[in-house]
Amino acid sequence: MITAERLKSFSEIDGVSGCEEQIRDYIISDIYDYADEIKIDVMGNVLCYKKGKKRAPNKIMYAAHMDEVGFYINSVSDDGLLYFDTIGILTSVILGKYVLVGKDKIRGVIGSKPIHLLKDDDRSSYPELNTLYIDIGAKNKDEAIRHLGSYAVFDSEFANIGSCITGKAFDDRVGCMLLCEMIKQDLEYDSYFAFTVGEETGARGASAASNRIKPDICVVVEGTTAQDVAGSSGADVVCKVGEGATVPFMDGGTYYDISLYNKITNIARNNNIKFQTKTVVAGGTDAQIIQRQNGGIRVIAVSMPCRYIHSGQTVADISDAIQMKKLLDLIDNNLDIL
Amino acid sequence: MELYEFICKLIKIPTVSGFEYMGLEESAKLVNEYCNCFDQTDINPVFGVRFTKKCGKASAPKILFDAHIDTIGFVVSGITDEGYLRVVNCGGSDFRLLPSTMVSVYGDDGIYNGVFISVPPHLKKESDNKPDKKLSMYIDVGMNKKECQSHFSIGNCVSFYIKTEKLLNDRIVSPYLDDKICIAALCEGIKNIKNCNCDIILNLSCGEETSGVGARSVSYIENIHCALVADVEFAKAPEIADKDCVSFDKGPDICCSATVDGNLTDFIYNCAIEENIPVQKIVSAKSTGTNAHEIQCSYLATPCAVMSVPIRNMHTPCEIACINDVINSAKLVHAFAEKAHLYKSLSKTVKKGNNI
């Protein structure tokens with residue numbers, strides 16, 4: 001079932017790049033009774049095989065990344081403040097935000113100099129990242145030092161917002177959710193699934209996953225940037241929330257396989273699936289690495305449009321995920337013509 | 001009701017500056033439920049909420065405790081064709097921290113979630129890291145224009161999404177500790193007063209973050225013997241110079257300034273010392289930046305002092321205070337109330353006449 005509640009359960013689990021164990025365990029427990037084979041490789045990728053009704057004419061792999069953007073604590077001050085570096089996050093979206101540190105989910109906040117004390121120069125730029133810190137309420141270094149090296153995630157609200165939803169890590173827990181749903185149903189063709197690690201640090205898990213499985217075709221299921229916001233118009237919008245599954249022909253890392261793009265968009269059109277493409281070449285997915293493995297793999301992406309991606313409060317429409325699932329089911333049913 | 005629960009409930013009541021009327025009745029009810037000691041409650045959309053506790057003694061002097069009930073927020077100034085709410089600041093908030101911040105929008109027919117828009121890294125050039133104030137002031141409510149127009153109007157107010165939590169060492173983090181944490185300290189201090197020779201007025205004033213209208217109205221209360229204004233102060237943080245802040249866990253601070261009553265300031269500070277209540281001092285020479293600035297010199301003037309609860313990240317969604325500092329502030333309020341009748345102001349008749 002593709003529901004907001006189900007996406008919530010995936011998105012609220014911690015899994016910053018390099019620390020994907022909790023989301024990995026959750027996915028494995030979700031699909032254990034349905035997958036025919038499950039392996040974890042040395043990178044931590046979860047690789048699955050699901051037998052279909054028919055032997056596949058093309059070996060297909062569906063891929064989604066488990067990791068999310070987040071923080072790493074890289075230093076602890078004598079006052080007990082946690083200094084950090086970011087994975088995939090701009091300074092513009094971290095000031096004044098709540099976070100949870102480590103497996104124990106210690107609550108902290110990333111504060112900001114009070115406006116009353118800002119000079120004119122301060123207001124025209126963001127603070128340097130190395131001056132920002134997470135305050136967990138520790139009084140001194142002794143109370144906080146155990147968090148050195150820990151990760152931290154946004155402590156976000158999952159909520160309804162008009163006809164949309166908001167929360168963290170829709171990129172790419174929506175992909176993980178959709179892959180799990182596929183594994184739980186009867187498939188037309190034998191299929192492989194890769195839940196990868198490290199996409200937010202340069203698609204670091206994708207190589208091992210695709211070289212292990214060696215697919216002919218890979219469908220990357222992702223969350224992608226939608227910029228249909230105030231002040232954006234025309235092509236700058238990229239894609240729109242509520243306008244269906246996004247199938248890009250190109251992004252910042254990949255020229256997608258044009259024959260796959262044409263065939264899949266035709267399938268969508270002929271079956272009244274709401275879909276769109278991206279009007280700005282931006283962003284990237286695991287496909288940029290997968291495409292180049294094993295002598296070349298044909299790749300395509302099916303993505304959910306997400307506003308404010310890589311922040312603590314992404315906004316999306318669950319109806320887009322429903323359209324994505326319908327398209328993925330059609331890809332499975334039509335593998336013989338791809 | 002425990003103090004922490006009281007603080008959480010108080011913060012949840014919306015009182016954005018200029019829109020305090022939305023929360024005055026509910027705030028008055030909550031304070032009366034928590035304190036259960038006031039003889040009279042008056043509510044007015046200009047001055048705020050005023051509670052009176054009589055000591056029962058004839059010709060008792062009046063002492064006033066003031067904290068502001070209004071908070072910073074935003075006001076809807078337009079609805080875009082794409083269905084976004086354009087807002088302006090109501091009180092001072094730093095636009096740099098708005099992107100991807102969750103808010104509550106008080107629409108025509110209910111309260112709605114919203115998120116300030118932001119630009120993701122995929123669409124930003126590396127050199128383009130300057131905050132854009134104009135782009136920062138739009139809220140996504142997940143609706144199209146028509147839906148927006150059916151739920152929202154120009155003039156609706158917006159507050160930060162209320163999330164009140166505890167950190168380590170009994171620290172509390174929340175939006176709107178400024179100044180609701182001081183309201184809590186005053187209530188905690190007043191509610192258990194037994195031996196008082198003064199009538200007590202607790203004033204929760206409107207408009208401190210914007211117009212100062214509530215403070216000015218306080219000055220028109222007749223015959224106030226002295227007043228203690230409670231507002232928050234900057235707590236120590238790496239980005240703040242030592243002279244501009246005070247420490248956590250060392251009690252409230254008393255503000256020394258040319259714009260408050262020096263004798264009253266010393267009197268209150270000495271109350272703390274005599275009762276072994278941790279207390280600090282801070283100096284704000286030209287202005288305390290609080291209601292005391294108005295109350296001290298408006299109308300016929302009122303001797304004023306300022307007591308503050310230290311907080312970090314003032315005017316952000318994640319202000320931090322120590323519960324211990326709130327409790328010590330309450331102790332000081334209690335101690336001062338019991339001794340306030342001994343305070344002697346400068347006012348006296350040096351030579352009798354009929355003209356003044």
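Please treat every number below as a calculation from the coordinates, not as lab data. Fair warning: this is a prediction, and the values are worked out from it, not measured in the lab. Cβ sites come from the backbone with ideal geometry, for glycine too, and all protein chains shown count toward neighbours.
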Projected label distance in nm at B:ILE356 and B:ASP39, using a 7 Å step from Cα toward the beta-carbon: 3.3 nm
Shielding of B:167-174 by partner chains, average beta-carbon count, 10 Å: 5
Sorted peptide list for B:236-243, A:77-84, A:151-158, B:131-138, criterion being average Cβ within 10 angstrom, highest first: A:151-158, A:77-84, B:131-138, B:236-243
The range A:293-338 shape via C-alpha gyration tensor axes, a/c threshold 1.5: oblate
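If the viscosity is 1.567 mPa s and the temperature 4 °C, what translational diffusion coefficient in µm²/s does Stokes-Einstein give for chain B when Rh comes from Kirkwood over Cα pairs? Please list the in-between numbers first.
Working: Rh = 21.3 Å.
D, rounded to a whole number, is 61 µm²/s.
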Spatially proximal lysines relative to B:LYS146 (Cα-Cα < 19 Å; intrachain offsets below 8 disregarded): A:LYS240
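Need one number: % antiparallel among DSSP beta bridges in the protein assembly as shown, to the nearest 5. It would help to have the intermediate numbers written out before the result.
Working: 80 of 128 bridges.
Here the antiparallel bridges make up roughly 60 percent for the protein assembly as shown.
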Zone of B:LYS194's modelled label, taken as backbone nitrogen in the range B:52-71 under 17 Å from a point 7 Å along Cα→Cβ: B:55-56
Given charges at beta-carbon only (K, R positive; D, E negative), |dipole| of the range B:285-343 in Debye: 120 debye
Dipole-positive endmost among B:MET102, B:CYS55, B:PHE65 within the range B:28-108 (Cβ charges, Cα centre): B:CYS55
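Quick check on packing: order A:248-259, A:190-201 by the mean number of other C-beta atoms within 10 Å, highest mean leading. All intermediate terms of the calculation are to be shown ahead of the outcome.
Details: A:248-259: 18.0, A:190-201: 24.8.
So the order, starting with the most tightly packed, is A:190-201, A:248-259.
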Lysine pairs with alpha-carbon atoms under 28 Å apart, the range A:6-142, spacing 8 or more or separate chains: 25
Within the protein assembly as shown, helix-based [θ] at 222 nm, where runs of 4 or more DSSP H residues each add -39,500 (n - 2.57), nearest 500: -7000 deg cm²/dmol
DSSP H segments from chain A that extend 27 Å or more along their own axis, Cα-based, with Kyte-Doolittle mean of -0.5 or above: none
Folded to 0 to 90 degrees: helix B:262-274 orientation relative to chain B principal axis, Cα: 90 degrees
In range of the label at A:ARG55: residues from the range A:315-338 whose backbone nitrogen is under 16 Å from the point 7 Å along Cα→Cβ: A:336
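Can you give the Kirkwood hydrodynamic radius for the range B:51-95, in Å, rounded to one decimal and based on Cα pairs?
On the way: mean 1/r = 0.0669 Å⁻¹.
Averaging 1/r across every pair of different Cα atoms and inverting gives 15.0 Å.
What dipole magnitude, in Debye to the nearest 20, does the protein assembly as shown give about its Cα centre under +1 on Lys/Arg Cβ and -1 on Asp/Glu Cβ? Don't jump to the answer; show the numbers that get you there.
Working: 72 positive and 91 negative charges, 107 e Å.
Once rounded to the nearest 20, the dipole reads 520 debye.
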Folded to 0 to 90 degrees: helix B:177-191 orientation relative to chain B principal axis, Cα: 30 degrees
Point-charge dipole on Cβ atoms (K/R +1, D/E -1) for chain B, about Cα centre, debye to 20: 780 debye
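Nearest-5 percent of antiparallel DSSP beta bridges in chain A? Spell out each step's value before the answer.
Working: 38 of 60 bridges.
About 65 percent, rounded to the nearest 5.
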Spin-label proximity, B:SER298 to the range B:212-247 - amide N less than 20 Å from point 7 Å beyond Cα toward beta carbon: B:212-232
Prolate/oblate/rounded call for the range A:232-338, Cα gyration tensor, a/c under 1.5 rounded: oblate
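Shielding by partners for A:149-156, please: the mean number of other protein chain Cβ atoms within 10 Å of each residue's Cβ. Working shown, then result.
On the way: counts 0, 0, 0, 0, 0, 1, 2, 2.
Across A:149-156, the average partner-chain Cβ count within 10 Å equals 1.
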Distance between modelled label sites at A:ASN271 and A:ASP336, nm, 7 Å Cα→Cβ extension: 1.5 nm
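Please work out whether the protein assembly as shown counts as rounded, prolate or oblate from its C-alpha gyration tensor, where a ≥ b ≥ c are the square roots of the eigenvalues and a/c under 1.5 means rounded, while otherwise a/b larger than b/c means prolate and anything else oblate? It would help to have the intermediate numbers written out before the result.
On the way: a/c = 2.86, a/b = 2.36, b/c = 1.21.
Prolate, because a/c is 1.5 or more and a/b exceeds b/c.
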Difference of contour (0.36 nm per residue) and Cα-Cα distance, A:ILE258 to A:SER29: 78.8 nm
Cβ neighbours within 10 Å from other chains - mean over A:160-172: 4
Cβ-based charge dipole, the protein assembly as shown, positive-most Cα from B:ALA215, B:ILE117, B:SER136: B:ALA215
Estimated distance in nm for a label pair at B:LYS145 and A:ASP78, the labels positioned 7 Å out from Cα along Cα-to-Cβ: 5.9 nm
Full-extension gain in nm, B:LYS243 to B:ASP109, via 0.36 nm per residue minus C-alpha separation: 43.5 nm
